Structures are given as structure tokens and as C-alpha cells.
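The values are calculated or read from the model by the stated rules, or taken from the named source; none is laboratory data. All values reported here derive from a predicted model rather than from experimental measurement. Cβ placement follows ideal geometry from the backbone for every residue including glycine, while neighbour counts extend to all protein chains displayed.
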Amino acid sequence: MDIKENLDRIKSELPEGVRLVAVSKTHPAEMLQEAYDAGQRLFGENKVQEMTAKSRLLPQDVEWHFIGHVQRNKIHLMAPYVSVIQGVDSYESLAEIDRQAARFSRHITCYLQLHIAQEETKFGFSPEECTAMLEKGEWKNLEHITIGGVMGMASNTGNEAQVLDEFHRLRTLFDTYKERFFSDYPDFSTISAGMSGDYRLAVSAGSNMVRIGSSIFGERFYGINR
Ligand SMILES: *Cc1c(COP(=O)(O)O)cnc(C)c1O
């Protein structure tokens, strides 16, 4: 697995303005360092303790994105260094991220995770829940967070039409929220969608941030401790 070659190939394919999150979960810090040496600065992890351990081994200028499900009792562990928490799916989590960011005199960007897949198991706000949360307006008082966009995962299926439809739904929700709630918030600008198997479809539907793991680092092996 040549990490640099994989990164170069994927980056050459992505249109201007689409950012690449290298999803390094389960892989050892040496592999992240290899990607770092090839120029990658943006990494995504889905376990707080694992990300924290790696953050101590990698250079300071890495931008860490937490892409897993947010457990409120673990936010304090990443609050000192995390740049973006992508999987936010409740107001309570936003409020806790704000509280922890304040404790560390920081500012943390959050993406609203939306449930776009037809599959039942994925986390995320339903569009109705998210709209209701935004309408309520309490989020405007949270001074240590910025809502930077939306994040979503399509169904894990070979049905391309369905996947494309789900990504379009995310795009439409982003546009709707931008117009209704964030027209005065230029930082609300990111649509995070697309993984190794479906990032081309995501980008064609308007994603401007892809999260790619196995196409960069190879298959993941989960040991007995996971
Ligand atoms: C693991 C993961 C990815 C990357 O998946 P690959 O198929 O390895 O590219 C992207 N997003 C989330 C939320 C993930 O958990």
C-alpha cells in the first residue's frame, strides 16, 4: 500500500475546492506520519481515545476531525485539540461541546449529522429534528462553537441511483438551512459526504469534503480489543 501514491491519485481526481479527510481509524501512527510526510494535514478518526493518542504522536499542525458518534462524556478528552466534530446529532451535544471548548478557551467547529440513508442503523438527526433544533434558535447563544455545515452517510448499497439520491437529499438540506438559518453565517459552508466506495457520487451531488479511509490506507483490521 503506497500511501503517497494513493493520496496523489485521489487528490488529482477531486475537483478544486473539495477537501480530503484522510480517515486513519485503526491504523498506526506511523501510517498517519507517512500521509503527513506526503503533505496530508487533515485526518479523521472515530474513537476519541485513539484520536487523542495519535494527536500526541503527530505534528502539531494536524487538523483533527472527529467523525464518529459523539458521546457526551468523552467530549472533554478531545476539546483541547480537535478542530471539527462532524457527527453532532443533538442540541445537547452542541451545548456540551460549547461548554468544553470554553473551558479550554477554544473554538470548535461542528457539522450537523443528518440521517439521509434509508438504512435504519445510521446515527444522525432526521431532517425534521434538525429543522426543529435550528428553529428553536438556542444554538445562536453558543459562543465557543461554529456550525460549519452538514455531514451524512449514504446507504451501503451497490444501488448507485439510491446513493446519489441520498447525497442529493443532503445537498438540498444544506441549501435549505443555508437560506433559512445561516444566510449571515459564511462559516456554514461544508457538505461532508462520500467515502472510498461512493465519493465520486457524493462530489457529483455537491459534496465539498470527502472522508476516505481504505482507498488511502488499505483495509482495516479490527483486533480483539475493538
Ligand atoms: C470509516 C469512515 C469513513 C471512511 O470509510 P472508507 O470506506 O474506509 O473510506 C468515512 N466516514 C465515516 C463516518 C467513517 O466512519
### Message
So the check is Cβ under 6 Å with 6+ separation or different chains; which pairs have a first residue in the range 118-143 that's at positive phi and a second one that's of a type in the set (A, V, I, L, M, F, W, C) and modelled with pLDDT of 95 or more?
### Response
GLY124/LEU114
### Task
Determine if the range 124-146 includes at least one residue that is in contact with an Asp or Glu (Cβ under 7 Å, 6 or more places away or on another chain) and modelled with pLDDT under 95.
yes
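Results for (1) within 15 Å of the ligand (Cβ to nearest atom); (2) small (Gly, Ala, Ser); (3) more than 16 Å from SER214 (Cβ to Cβ); (4) assigned to a loop (DSSP other than H, G, I, E, B), shown as yes or no for each residue.
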site	(1), (2), (3), (4)
LEU7	yes, no, no, no
SER12	no, yes, yes, no
GLY17	no, yes, yes, yes
HIS27	yes, no, no, yes
ALA35	yes, yes, no, no
GLN40	yes, no, no, yes
GLN49	no, no, yes, no
ALA53	no, yes, yes, no
PRO59	no, no, yes, yes
### Message
Can you tell me which of (1) more than 16 Å from the ligand (Cβ to nearest atom); (2) in a loop (DSSP other than H, G, I, E, B); (3) not hydroxyl-bearing (Ser, Thr, Tyr) is the one ALA117 doesn't meet?
### Response
(1)
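Residues checked against (1) modelled with pLDDT of 95 or more; (2) polar (S, T, N, Q); (3) over 22 Å from PHE125 (Cβ atoms):
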| position | (1), (2), (3) |
| --- | --- |
| GLU30 | yes, no, yes |
| GLU34 | yes, no, yes |
| GLN49 | yes, yes, yes |
| ASP61 | yes, no, yes |
| PHE66 | yes, no, no |
### Task
Mind listing whichever residues of the range 93-139 are under 19 Å from GLY194 (Cα atoms), surrounded by 21 or more Cβ atoms within 10 Å (Cβ to Cβ) and in contact with a His (Cβ under 8 Å, 6 or more places away or on another chain)?
GLY124, PHE125
### Query
What's the number of the condition ARG180 fails, among (1) more than 14 Å from the ligand (Cβ to nearest atom); (2) surrounded by fewer than 22 Cβ atoms within 10 Å (Cβ to Cβ); (3) within 19 Å of the chain's Cα centre (by Cα)?
(3)
### Message
I'd like to verify a number: residues in the range 194-226 that are in contact with a strand residue (DSSP E or B) (Cβ under 7 Å, 6 or more places away or on another chain), near the ligand (Cβ under 10 Å from one of its atoms), in a loop (DSSP other than H, G, I, E, B) and not hydrophobic (A, V, I, L, M, F, W, C), how many?
### Response
3
### Residue satisfying all of: in the range 38-78; among the aliphatic types (A, V, I, L, M) and under 16 Å from the mean Cα position of the chain (by Cα); nearest to GLY148 (Cα to Cα) among these
ILE67
### Message
Which pairs turn up if I take residues in the range 202-221 that are more than 14 Å from ARG171 (Cβ to Cβ) and look for partners that are more than 8 Å from the ligand (Cβ to nearest atom) and of a type in the set (Val, Ile, Thr) with beta carbon separation below 6 Å, at least 6 apart in sequence or on another chain?
### Response
ARG220/THR26
### Message
Give me the residue from the range 22-47 that is in contact with a Phe, Trp or Tyr (Cβ under 7 Å, 6 or more places away or on another chain) and aliphatic (A, V, I, L, M) and, out of that set, surrounded by the fewest Cβ atoms within 10 Å (Cβ to Cβ).
### Response
MET31
### Query
When you go through ILE191, ILE147 one by one, which is the residue that is under 14 Å from the mean Cα position of the chain (by Cα), away from the ligand (no atom under 16 Å from the Cβ), more than 24 Å from GLU50 (Cα to Cα) and buried (at least 20 other Cβ atoms within 10 Å of the Cβ)?
ILE147
### Query
Of all residues in the range 127-155, which are part of a loop (DSSP other than H, G, I, E, B) and within 27 Å of SER83 (Cβ to Cβ)?
GLY137, LEU142, GLU143, HIS144, MET153, ALA154
